[in-house]
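Read the structure below first, then the notes.
What follows draws every value from the coordinates through simple rules; no lab data is involved. Bear in mind the structure is a predicted one, so any value in this text is a computation, not a measurement. No Cβ is skipped: glycine too gets one built from the backbone with ideal geometry, and neighbour counts run over all protein chains shown.
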């Protein structure tokens, strides 16, 4: 069983790539929440588990949580890009 960890920082429009953003600014959103990321993961077709009280290593003292994606057959980047597109669409 493969688990991919997806952090909200991957989608945060306020961060640079160096700070941890992994999607283009066109797909990034302001202050992404783990709940909406988990919903997007489920819409893309994977099982999602939300973990709270954990902080992204590049963000000191900011515990926004993370989403574990279970049994993703695709590459992590493909999953992140698909989730970003869905979260961006949800925000519109």
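Whether any residue in the range 48-71 is touching a residue at least 40 places away in the same chain (Cβ under 8 Å), over 10 Å from the mean Cα position of the chain (by Cα) and assigned to a helix (DSSP H, G or I) is what I want to check.
no
Any chance you could count how many residues in the range 72-92 are loosely packed, with under 15 Cβ neighbours inside 10 Å and not in a helix (DSSP H, G or I)?
Looking only at that region, the number is 3.
Of the numbered conditions (1) within 18 Å of residue 17 (Cβ to Cβ); (2) surrounded by 12 or more Cβ atoms within 10 Å (Cβ to Cβ), residue 57 satisfies every one except a single condition; which is it?
Among (1) within 18 Å of residue 17 (Cβ to Cβ); (2) surrounded by 12 or more Cβ atoms within 10 Å (Cβ to Cβ), the lone unmet condition for residue 57 is (2).
Does residue 68 qualify as being buried (at least 16 other Cβ atoms within 10 Å of the Cβ) and touching a strand residue (DSSP E or B) at 6+ places or on another chain (Cβ under 7 Å)?
Judged against the criteria, residue 68 is a match.
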